[in-house]
Amino acid sequence: MGVYHANLRIETVAGRPSYHDLRADLLSIVGESGIQDGILTVASAHTTCSLFFDETMHDTNFYGDDFLWLDINETMEKIAPRMTTEGQYHSPGPEHVAFGLSLSDPSYPAEKWVMLNTDAHIRSSIFGSPSLTFIVKDGELLLGPLGRVYFVDWDQLRERTRTVSVMVMGE
């Protein structure tokens, strides 16, 4: 049995949830892996992000956002409104803010405002999923003609570089 690992680097946007269609990358990774029959697992360890499987709706807005993504955003806004001020949600509390400010990450400034993303954590928890698994058969990833694997970063506060891990395992 063989195992093949790859990482996808995703650049997100600020000001709105950041969606990314991973289909082309995943098809390429299956080809690179040489695995003919097995499984592909895609995973994200980011706590404000989700992976999901759905079909493309073809139509997009000015930003290139699929109309399905817009519908998801409108629904999630009703469930977990965007956090715009301290105290809107119970979290983050003072202990979490102090912990966050103690972290040393040169990529992201240690500022209180970057922790005002409770809405993103709620959306990620409700929407799920930190990982998805798909079948690889005869060297093909079985997604169907309209199936897409999407990554979404719900944290709208700033641009980030995110990592999605991919593993193909089989023969």
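What follows draws every value from the coordinates through simple rules; no lab data is involved. These figures come from a predicted structure and were not determined experimentally. Using ideal geometry, Cβ is built from the backbone for each residue, glycine included, and neighbour counts are taken over all protein chains shown.
Which order do TYR4, TYR19, TYR150, TYR63 fall in if you start with the one that has the fewest other Cβ atoms within 10 Å?
Going from sparsest to densest Cβ surroundings: TYR63, TYR4, TYR150, TYR19.
Binning at 5 Å from 0, report for the chain what percent of all alpha-carbon pair distances ends up in each bin.
1, 8, 16, 18, 18, 14, 11, 8, 5, 2, 0
Fewest first, what order do THR84, THR56 take by the number of other Cβ atoms within 10 Å?
THR84, THR56
Any idea how far the Cα center of the stretch 1-37 sits from the one of the stretch 118-161, in Å?
10 Å
Go ahead and estimate [θ] at 222 nm for the chain from helices alone: -39,500 (n - 2.57) per DSSP H run with n ≥ 4, summed, over the residue count, rounded to 500. Present the calculation step by step, with values, prior to reporting the outcome.
Working: 4 runs with 43 residues, N = 171.
Taking each H run of at least 4 residues, the total per residue is -7500 deg cm²/dmol.
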